[in-house]
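The values are calculated or read from the model by the stated rules, or taken from the named source; none is laboratory data. This one's a predicted model, so the numbers in the text were calculated from it and none came from an experiment. Positions of Cβ are generated from backbone atoms using ideal geometry, with glycine treated the same way; all protein chains shown enter the neighbour counts. To get the accessible areas, we keep the full protein, side chains included, count just its heavy atoms, and leave off ligands, DNA and RNA. Shrake-Rupley method; radii C 1.70, N 1.55, O 1.52, S 1.80 Å.
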Amino acid sequence: MPPTGPSLSLDLQPEQRKTFAGLAAQMKLVAFLLFALAGLSVILGIVQIFQGSWAGLLDIVIGGLLKVSGLVMLTAATSAGYANDVPDCDKIHAFNVLGDLAIFYKFQFGLGALLTLILAIKVLF
Amino acid sequence: MSASTHDPANEDSAQVDLGGRLLVLGLMLMLVIESLLATAALIQLSFVHVVIGIVSICVALYLSNWIYTGDRPARKVLLGWTGLQIFLAGGAVLAYFAAHGEHESMRVFGIAAPTNGTAISLAVVKLGCYLFLGYLLSQSASVKNFLRVKAGREPHAIEPASIAPSGVVVATADKDKRAVAEVGTWMQATGLILIVAGLLSVIAGARHASRIYLIEGALIAVLGAVMLGPVGVLRQLSPDQLDRAFLLSAFGQLKALYKKQVAILGGLAIVAVVMLVMLFR
């Protein structure tokens, strides 16, 4: 008797699988915009430093975190793309999307916490 | 609801408990901001505003006690009070900007404070607190269920009603279970912290009379708020017995979220370009 393990497929219909294709496209756009924001943030920081304000360093750090977030989002988008393209293993890729998103939101939380700290200081002083 | 997803009794009890906590948080925020406004008026020695502040605290205390009984009219009266306060706080913020950062213009909307910064901060925080309370009273299913239970009625079942369970349970490895459990939690935490950051940016923008910080703050707060949308569906996914239809619905919700996120991030990118241009001027 052949060995039976847990199925690697979600057994989806082609129209159900389209969810993953759409998700991958939107995620790529989000990643692209995060890269754009990261670049703008770094430029803002550098300009501020050249104008004599060391507060620009914080913008560079935020830019770095945005860049990493964008990379994680791009990885999640790739997994979503595979979930659409490889029906036999779509379950693995679907859960990889969720795993990547958990990492993405951890980074975003760190970014939010840093932003909150900076803004709280700005409001108080 | 399929047996393959949750224990409905436990789920309902947890939701009612959450509703109670959220309502207490909303009511506490209302009392805190009303107390702060009365204190600011006292420091400013504005007799009329001190009286308004004391009356507001009394009304807020009375309404808080009344709504906790679950009485249906109490919710409507508190919603009306919340609407009035949102109108006053919003009017105060608009008046401040119309008067080019002069806090005296906010007195007619019930805000008297010693400095421009304090006045606009109080107005923005008041607006945020009452918007939060208004959201809880009008939109939150958990809070509505908490009030139903308090009034001695049965809570409505909270479930992804529009999604029919497929009955197909997706087997998950430990790593996948962790991912399912973590993504909703971290998304909720991120949404909440972005709302706080957005409100702080709005306050900073208002204090420095900078419209660009104001817009940036509003966009960040909206980004946080839309992030909370799919959290309900994601947190209802049971890692141990995962129905395929619910899993697909969660991915559909994520797709809708990223569509909105693209628009908001585009707005933030435009704000960043404007900031860069302003640095060179």
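Given the criterion assigned to a helix (DSSP H, G or I), modelled with pLDDT of 90 or more and more than 21 Å from the chain's Cα centre (by Cα), identify the matching residue among B:Ser35, B:Ser13, B:Ser56, B:Ser64.
Unique residue meeting the criteria: B:Ser56.
Looking only at helices (runs of 4 or more DSSP H) that lie completely in segment B:189-281, which have at least 3 residues being away from chain A (no Cβ under 11 Å) and under 20 Å from the mean Cα position of the chain (by Cα)?
Once the helices (runs of 4 or more DSSP H) in segment B:189-281 are filtered for at least 3 residues that are away from chain A (no Cβ under 11 Å) and under 20 Å from the mean Cα position of the chain (by Cα), what remains is B:211-227, B:231-236.
What pairs come out if I take residues in segment B:80-97 that are outside the structural domain of B:Ala206 (by TED's automatic domain parsing) and pair them with residues that are modelled with pLDDT of 85 or more and not in a helix (DSSP H, G or I) whose C-beta lies under 6 Å away, six or more apart or interchain?
Close Cβ pairs (under 6 Å, with a partner that is modelled with pLDDT of 85 or more and not in a helix (DSSP H, G or I)) amount to B:Leu88/B:Gly110; B:Ala92/B:Ile111.
How many residues are more than 22 Å from the chain's Cα centre (by Cα) and either open to solvent by less than 60 Å² (accessible area, probe 1.4 Å) or modelled with pLDDT of 90 or more (or both) when one looks only at segment A:87-116?
Within segment A:87-116, residues that are more than 22 Å from the chain's Cα centre (by Cα) and either open to solvent by less than 60 Å² (accessible area, probe 1.4 Å) or modelled with pLDDT of 90 or more (or both) number 2.
Which of the following residues is within 30 Å of B:Leu242 (Cα to Cα), at the interface with another protein chain (Cβ under 9 Å from one of its Cβ atoms) and in contact (Cβ under 8 Å) with a residue 24 or more places away in the chain: B:Ala181, B:Ala171?
B:Ala181
Does segment A:25-38 include one or more residues that are open to solvent by less than 30 Å² (accessible area, probe 1.4 Å), within 7 Å of chain B (Cβ to nearest Cβ) and closer than 25 Å to B:Ala206 by Cβ?
Yes, because at least one residue in segment A:25-38 is open to solvent by less than 30 Å² (accessible area, probe 1.4 Å), within 7 Å of chain B (Cβ to nearest Cβ) and closer than 25 Å to B:Ala206 by Cβ.
Scan segment A:52-64 and tell me whether some residue there is facing chain B (nearest Cβ under 9 Å), in contact with a helix residue (DSSP H, G or I) (Cβ under 8 Å, 6 or more places away or on another chain) and in a helix (DSSP H, G or I).
no
Filter segment B:49-74 down to residues that are open to solvent by 60 Å² or more (accessible area, probe 1.4 Å) and touching a residue at least 24 places away in the same chain (Cβ under 8 Å) and give me whichever is nearest to B:Arg107 (Cα to Cα).
In this case the residue turns out to be B:Ile52.
State whether one or more residues within segment B:227-235 are surrounded by fewer than 18 Cβ atoms within 10 Å (Cβ to Cβ) and modelled with pLDDT under 80.
Yes, the conditions are met somewhere in segment B:227-235.
Is it true that some residue in segment B:203-217 is surrounded by fewer than 19 Cβ atoms within 10 Å (Cβ to Cβ) and among the basic types (Lys, Arg)?
Yes, the conditions are met somewhere in segment B:203-217.
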